[in-house]
Amino acid sequence: IGARKVIYANANHPDPFLIGPEQQVSNLIIQSGIKGKPLGVDLNSIYTETVSNISGGSKLIICTQDLIEQASKVGDRYDPTWLPQVLETIGRLSLSEMRNSLESILSENKNGTAQKDSRLALLLEIPI
């Protein structure tokens, strides 16, 4: 991360979110478009690496599917724009403040799916 380059593969998790220095929210998408199988399911799985250059001051957010589902359920359907909109709103905060805000917002979302222990978000800030 110090070189502002991220090398990653996907073991069937949601694509990570990137909040750029100007607060624009996007996803880091595997170049091959193919996500690997979850870790441990098939010992012969092949995971394709993708390299992305990231601007200093950006924030990288990696979430589990359970967190995204719990966050984005509105009634009987999922709104895939919900979490990116939240990240755009809280993206200027420090990582600690982002974590607290995200936890508070998720706990207030009564329409989301039931909270699970596997809700996880990893927040990283790329040095300037």
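Checking every residue in the range 83-96 against the condition of being within 17 Å of the chain's Cα centre (by Cα), surrounded by 13 or more Cβ atoms within 10 Å (Cβ to Cβ) and modelled with pLDDT under 80 gives zero matches. When residue 28 is tested against the conditions (1) open to solvent by 20 Å² or more (accessible area, probe 1.4 Å); (2) modelled with pLDDT of 80 or more, the lone failure is (1). Close Cβ contacts (under 8 Å, 6 or more residues apart or on different chains) running from residues in the range 36-47 that are closer than 20 Å to residue 14 by Cβ and at pLDDT below 80 to residues that are assigned to a loop (DSSP other than H, G, I, E, B) and of a type in the set (Val, Ile, Thr) comprise 36/46; 36/48. Within this structure, residue 71 fails the test of being at pLDDT 80 or above and either at positive phi or surrounded by 17 or more Cβ atoms within 10 Å (Cβ to Cβ) (or both).
The values are calculated or read from the model by the stated rules, or taken from the named source; none is laboratory data. The shown structure was predicted, so the numbers you read here are calculated from the model rather than taken from an experiment. Cβ: placed from backbone, ideal geometry, glycine included. Neighbour counts: every protein chain shown. Only protein heavy atoms, including side chains, enter the accessible area calculation; ligands, DNA and RNA are left aside. Shrake-Rupley method; radii C 1.70, N 1.55, O 1.52, S 1.80 Å.
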